[in-house]
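Report on one structure; see the data block that follows.
The values are calculated or read from the model by the stated rules, or taken from the named source; none is laboratory data. It should be emphasised that the depicted structure is a prediction, and the values quoted were computed from it without experimental measurement. Heads up, the Cβs are rebuilt from the backbone with ideal geometry, glycines too, and the neighbour counts pull from every protein chain shown. The area values use the complete protein model at the heavy-atom level, side chains included, leaving out ligands, DNA and RNA. Shrake-Rupley method; radii C 1.70, N 1.55, O 1.52, S 1.80 Å.
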Amino acid sequence: MSTTYSPRHAIGRGSNDAGSATSGPASSDVGAQHSAHSAAKGGYGQPTPNTNIPLLFIGLMIIMLMSSLNQTVLSPSLPTIVGELNGVEHMSWVITAFIMVSTIMMPAYGKLGDLWGRKPLLIFAILAFMAGSVTGALAQDMTTLIISRGLQGLGGGGLMILSQSVIADVIPARERGKYMGALMGVFAFSSVAGPLLGGWLTEGPGWRWAFWMNIPLGIIALCAAAFLIPHTNKSRQQERRKVDVLGMMFLGAATACLVLAMTWGGNQYDWGSPTIIGLLIAVVVCVAIFIPIEAKVTEPVMPLALFKDRNFNLATIANLCMGIGMFGAVGYMPTYMQMVLGVDATQAGLLMIPMMGMLLITSVSVGFIVSKIGRYKAFTVVGSLLLALGLFLLSHLEVDTPAYIICICLAVIGLGLGMSMQLLTLIVQNAFPISMVGTATAANNFFRQVGATMGSALVGGLFTSRLKDYLAERMPPQAMKATGGGSNSLTPALVNGLPEPIKGIVVGSYNDALVPIFLWIAPLGILAAIVLLCVREKALATSVTESGKTEDIKTEEHESESKDSEGASGQARQDAVSETDSAEQSEERHGRHRAPVAPEGESDADSHPRTGEIPLPETGPMFTTRTNK
């Protein structure tokens, strides 16, 4: 990675170089630094003259780590937390509050970041997240804890969105792949480290340190945001543009109803209950009101123009499919391994390392390759197919399947996700000008989060229903009492303590209820691959100001070949003319030394005398005959 941005890096880089993605790899770090300066010239951002890209990126990685760890570190602590605060019946709200608020805030952060700049909003998001962490660490009841999670969601919704948008502000799309891959690696690391760290904190210092640990991370992130992130200066006219408050309200209401319906459906309420049906109807009504609002306002929170772009629509559909497939499967694998393999929570987390490790390695490697060659479409298609393959392999698991086979299946899924997920964000960002990158990035992540919520709800609802049916069919009535009353009370510790015949029935039912669902959602990976085949592979912009202006790679290659061909033929003609002119000039200079050319009809002997022969002058006839009349 580069060292420090300096305006001198821009010297010598012409506009042709900036606009061509087929002229060879750009100088990766100098190009990234130059793009920040170009953005300033383009009128969007005004980076400081010495933006230190490595330090800036480290700061963004800390922000991403803080956000992603928060989503996983509490999982092993929840039973202890709700037990200590006497709120088992409200346990689901500890997770739901964060997901709901963060999802609602994503589009708002994206749009406001485009209008006001990323820096002030990122500082606000970090402060809100830290305030939620302090509140959670000091909570003495479930109500306070749930409020703290909402505050964390208020900030967490902007941490990931704004971090990705800041990268787009200072790094051109051609070089952005390796940075996005590294950010994806942070997510993979936290997915494994979070549960392990949460389990250790719960058993050692206490669960409250799962909140306190965010404070030092937040201070570092705050310093990075304040001193390293370039401030995008906006004109006063743009700052005074009316914010789409009404659109945000209806989009937030629709999102809240959808998240609640997906979270409660099949758990607290039946899918056919009036509560769930009412929530889904509310979603439809809010969306029906939201669309006309977005068509009329000056600065819509989610512009309808986004959906006119082919690549945005295709990448969003693929993100939705992959979100359902990924979170629907991965969310239940740790519990599955605890139930079937008989391992504890820590060991189950360690068994997820092959998947997340492969995701980390692949995302970073593919990011560097994309930055080097400028091509990305094939990686997304292959990655989607590998996700489908991994889900297909998981659907063939049995109760006696060895742990290493499960790890291999998970590694295939990690390989697929590492090849595709971060590139979908890159495709979306490359399709729009820098003034819309925040809005487009937020919309893309918003639909991915919706897909994740729907995937978890879909798999969870199907699994719970099937497990109840299998237990009712296979379990003797008198043995049902030993399980604590049914499927809702099954925990890994309880199952592992059951006598062998009953344990075998429960484990077999658990396996048969969950595993086939993976086969049902595997076609979503194939659907994502088919959709991504239709993506127009646009050249990745080599400067920030070129974002959204590049042509298809095949078109640019054809134009480049045509120009090269025309240039070659023109050069050949020019060389031919030059040779002819040189020959004529040489003849003029040396014409007196040139032997005369024999006229047509004369021999060479007639026109050129033999050596030593003196040519005679032409004379008339020797004798003249006169005729007398």
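Of the residues making up the range 110-142, just one is assigned to a loop (DSSP other than H, G, I, E, B) and either acidic (D, E) or under 12 Å from G153 (Cα atoms) (or both), namely D141. Of the helices (runs of 4 or more DSSP H) that lie entirely inside the range 176-294, those containing 3 or more residues that are open to solvent by less than 20 Å² (accessible area, probe 1.4 Å) span 214-227, 245-264. On the stretch given as the range 433-442, residues that are closer than 22 Å to G247 by Cα and surrounded by fewer than 24 Cβ atoms within 10 Å (Cβ to Cβ) total 2. Looking across Q347, Q338, one residue alone is assigned to a helix (DSSP H, G or I), polar (S, T, N, Q) and open to solvent by 60 Å² or more (accessible area, probe 1.4 Å). It is Q347. Among residues that are open to solvent by 10 Å² or more (accessible area, probe 1.4 Å), under 16 Å from the mean Cα position of the chain (by Cα) and of a type in the set (D, E), D141 is not included. Sub-7 Å Cβ pairs linking a first residue in the range 189-210 that is of a type in the set (F, W, Y) to a second residue that is open to solvent by 50 Å² or more (accessible area, probe 1.4 Å) and assigned to a helix (DSSP H, G or I), at least 6 apart or interchain, are F189/L360; W207/T80, ordered by first then second residue.
The residue pairs whose first member lies in the range 63-89 and is in a loop (DSSP other than H, G, I, E, B), whose second member is open to solvent by 20 Å² or more (accessible area, probe 1.4 Å) and hydrophobic (A, V, I, L, M, F, W, C), and whose beta carbons are closer than 7 Å, counting only pairs six or more residues apart or on different chains, are V73/L197.
In the range 144-155, the residue that is farthest from the chain's Cα centre (by Cα) out of those that are open to solvent by 10 Å² or more (accessible area, probe 1.4 Å) and under 21 Å from I62 (Cβ atoms) is L151.
Residue under question is S384, and the condition is that it be small (G, A, S), open to solvent by 10 Å² or more (accessible area, probe 1.4 Å) and under 30 Å from V364 (Cα atoms); does it hold? For S384, the condition - small (G, A, S), open to solvent by 10 Å² or more (accessible area, probe 1.4 Å) and under 30 Å from V364 (Cα atoms) - is not met.
Considering the range 113-125, and only residues there that are modelled with pLDDT of 90 or more and either of a type in the set (A, V, I, L, M) or closer than 20 Å to C286 by Cα (or both), the residue that is most open to solvent (accessible area, probe 1.4 Å) turns out to be I123.
Only a single criterion out of (1) among the hydrophobic types (A, V, I, L, M, F, W, C); (2) surrounded by fewer than 22 Cβ atoms within 10 Å (Cβ to Cβ); (3) under 13 Å from the mean Cα position of the chain (by Cα) is not satisfied by F368, namely (3).
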